[in-house]
1. Of all the residues that make up the stretch 278-294, how many are within 19 Å of LEU264 (Cα to Cα) and either without any contact (Cβ under 8 Å) to a residue 60 or more places away in the chain or assigned to a loop (DSSP other than H, G, I, E, B) (or both)?
2. Filter the stretch 344-362 down to the residues that are more than 16 Å from ligand 1 (Cβ to nearest atom) and under 21 Å from ASN453 (Cα atoms), then identify the one that is nearest to the chain's Cα centre (by Cα).
3. Can you pull out the helices (runs of 4 or more DSSP H) entirely within the stretch 387-500 that have at least 3 residues that are within 16 Å of ligand 2 (Cβ to nearest atom) and not aliphatic (A, V, I, L, M)?
4. Give LYS322, LYS317 a once-over and let me know the one that is in contact with a Cys (Cβ under 8 Å, 6 or more places away or on another chain) and either of a type in the set (D, E, K, R) or assigned by TED's automatic domain parsing to the domain that holds GLY424 (or both).
5. Looking at THR342, THR354, THR369, can you tell me which residue is part of a loop (DSSP other than H, G, I, E, B) and away from ligand 2 (no atom under 16 Å from the Cβ)?
6. Which number in (1) more than 14 Å from ligand 1 (Cβ to nearest atom); (2) in contact (Cβ under 8 Å) with a residue 24 or more places away in the chain marks the one condition that GLU341 misses?
Amino acid sequence: MPKPLILVLGDQLSLDLATLRDAPADAVIALCEVAGEGRYVPHHPQKIALIFAAMRHFARRLRGKGWRVHYSALDDDDNCQDLLDEAERLAALYGCGEIRVVRPGEWRLLARLRRRKANWAIVEDDRFFCPLEDFAAWAEGREQLRMENFYRQMRRRTGLLMEDDAPAGGQWNFDHDNRQPIRRDLDFPTPPVHRRDTLTRQVLGLVETHFAGHFGELEAFNWPVTRRQALVDLRHFITHCLPDFGRYQDAISDTHPTLFHARLSAAMNIGLLEPREVCEAAESAYYRGDAPINAVEGFIRQILGWREFVRGIYWLKMPAYKRENRLGAERGLPAFYWNAETDLRCLRRALEMTRDNAYAHHIQRLMVTGNFALLCGVKPEALCDWYLAVYADAFEWVELPNTLGMVLHADGGLLGSKPYCASGKYIDRMSDHCRHCRYDVKQVTGENACPFNSLYWAFLERHAERLESNPRMKLIYGSLKRMKEEKRRAMRDQASRFLESIDWETAYGQGDHLQGYRDTREDP
Ligand code: FAD
Ligand code: DLZ
């Protein structure tokens, strides 16, 4: 048998990867930095640096284990700058009969792979708890796909937080103990600072040179680029953050980007940490008595429940899922999503933190930048590409269902039973932004009124036909109906004036930072 070429993608950096586990001793392992992957959306420079630095360290680790590794660096003269072309070039160069790759996490790449003529073998990705065929079997025949039902099944299947047949602590879900707002006296743990070795410093220089026009700063780069660094982050989270994770999971801080969140999604998504070991570390903390059940259950639910659930939905529904737009949203993105120049304090801080760290926590993504885009009617395509670009953990299998489904409700309620729309009142309750804001969160109309308020009511009016019969929205539509028409008109006008004042990206790819990106996404 001629030796295979094993292509390891930048988000597959795990020694236990299916293709590596079964690799013959003479296999050539290829890791390829290519401009094509850096540019199909304008990724945040920290995301590109994370992937490249982690790839370079992983190649070194593989060599240390005795593997023959070919590493295509971005500035190699003979680099094709496209993943699939480059792998085919290397297969020819090394006389490999077959190219093996674990199923990529994005449809665009899988679709391209399936159309290739060379001898590609696509191997299932088993770094998840739930194989895709099991998810499809679970979904089969169900009228509604609800995370909570799926999650309970996953708890039973994995035994995580299970005591015989019963959930630990006597309940499946402890969210009633969570959801506390920000408090002035909270002391947030500082994440570990990772040393930048020569490889990482070289990558930072490379990214600075080649991706200078992309939105995002490199200066604060502090992502784990090796498994060892990722384990340091995991230990830090379990010791210092997990005990308070549940309580303050939904809180938003004007100053602190991470609060008690794990900041582990990027490491898990690129293969430096296994979701199972992360869940088991949290479970052990509970049984040691180091973290309460509401925190541990809430945390495990995010990974065993939401993370697996959105992946299942993605592969079940793609490629049609990406075209969904049930609320008929047609606006481009507000231009300030690319420069953080807005006087809405909550948005400004979420965007600044995103720019500086390639990170914003879930509630900032869902209830600040996401909620604002939902209320304004930003079209899924524009918002999804933004989320895919700006976060270090962003890969389409997880980003798209969260954005299109959870945030924009563009799938008609497949992923979530109601839109997560909210007025300024919610942001004021959960955060300390509003007291720094030029707008008054208590006002709905008038020059100083918080724009979230009128946008919220205008959104509800606009989509009444579709949403008012939703049992979870009945209460709020009751309030809307009780309002006098005069007040409703004033709110509508206020929202319209605000929307007119925004600088919108009218066509995708219009801004300098986006020029040319659209064309690089799929083979013609
Ligand atoms: P924590 O809050 O500490 O949560 C722990 C872990 O749970 C995370 O590391 C993550 O692996 C998992 N998790 C939590 N919520 C979700 C969720 N809704 N879906 C899937 N996994 C979840 N997550 C990504 O990994 N990549 C993305 O591209 C991504 N895009 C998102 C886009 C939008 C619009 C929204 C609302 C959410 C998105 N999420 C995404 C989910 C979530 O916001 C991030 O996983 C989380 O903020 C990562 O930070 P953390 O590790 O500190 O998470
Ligand atoms: C995100 C990314 C970037 C920026 N660059 C590369 C790269 O140069 N080489 C590579 O193998 N992978 C990269 N990735 C990750 C891929 O985009 C990812 O594997 C696919 O989107 C599938 O999830």
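The values are calculated or read from the model by the stated rules, or taken from the named source; none is laboratory data. Since this is a predicted model, take the numbers as computed values, not measurements. Cβ sites come from the backbone with ideal geometry, for glycine too, and all protein chains shown count toward neighbours. Heavy atoms of the whole protein, side chains included, go into the accessibility calculation; ligands, DNA and RNA do not. Shrake-Rupley method; radii C 1.70, N 1.55, O 1.52, S 1.80 Å.
1. Summing the residues that are within 19 Å of LEU264 (Cα to Cα) and either without any contact (Cβ under 8 Å) to a residue 60 or more places away in the chain or assigned to a loop (DSSP other than H, G, I, E, B) (or both) in the stretch 278-294 gives 6.
2. ARG348
3. Numbers: elements: 396-400, 424-430, 451-462, 464-467, 474-482.
Because the criterion is at least 3 residues that are within 16 Å of ligand 2 (Cβ to nearest atom) and not aliphatic (A, V, I, L, M), the helices (runs of 4 or more DSSP H) in the stretch 387-500 that meet it are 396-400.
4. Working: LYS317 fails: in contact with a Cys (Cβ under 8 Å, 6 or more places away or on another chain).
On inspection, the qualifying residue turns out to be LYS322.
5. Details: THR354 fails: part of a loop (DSSP other than H, G, I, E, B); THR369 fails: part of a loop (DSSP other than H, G, I, E, B).
The match here is THR342.
6. Of the numbered conditions (1) more than 14 Å from ligand 1 (Cβ to nearest atom); (2) in contact (Cβ under 8 Å) with a residue 24 or more places away in the chain, the odd one out for GLU341 is (2).
For every residue, the table says whether it meets (1) of a type outside the set (A, V, I, L, M, F, W, C); (2) out of contact with any Ser or Thr (no Cβ under 8 Å at 6 or more places or on another chain); (3) crowded, with 24+ Cβ neighbours inside 10 Å; (4) under 30 Å from ASP185 (Cα atoms).
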| position | (1), (2), (3), (4) |
| --- | --- |
| LEU404 | no, yes, yes, no |
| VAL407 | no, yes, yes, no |
| GLY416 | yes, yes, no, no |
| PRO419 | yes, yes, yes, no |
| ASP432 | yes, no, no, yes |
| ASP440 | yes, yes, no, yes |
| ASN448 | yes, yes, no, yes |
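Results for (1) β-branched (Val, Ile, Thr); (2) within 16 Å of ligand 1 (Cβ to nearest atom); (3) touching a strand residue (DSSP E or B) at 6+ places or on another chain (Cβ under 8 Å), shown as yes or no for each residue.
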site: PRO4; (1), (2), (3): no, no, yes
site: GLY10; (1), (2), (3): no, yes, yes
site: GLU33; (1), (2), (3): no, no, yes
site: GLN46; (1), (2), (3): no, yes, no
site: ARG61; (1), (2), (3): no, no, no
site: ARG68; (1), (2), (3): no, no, yes
site: SER72; (1), (2), (3): no, no, yes
site: ASP77; (1), (2), (3): no, no, no
site: ASP82; (1), (2), (3): no, no, no
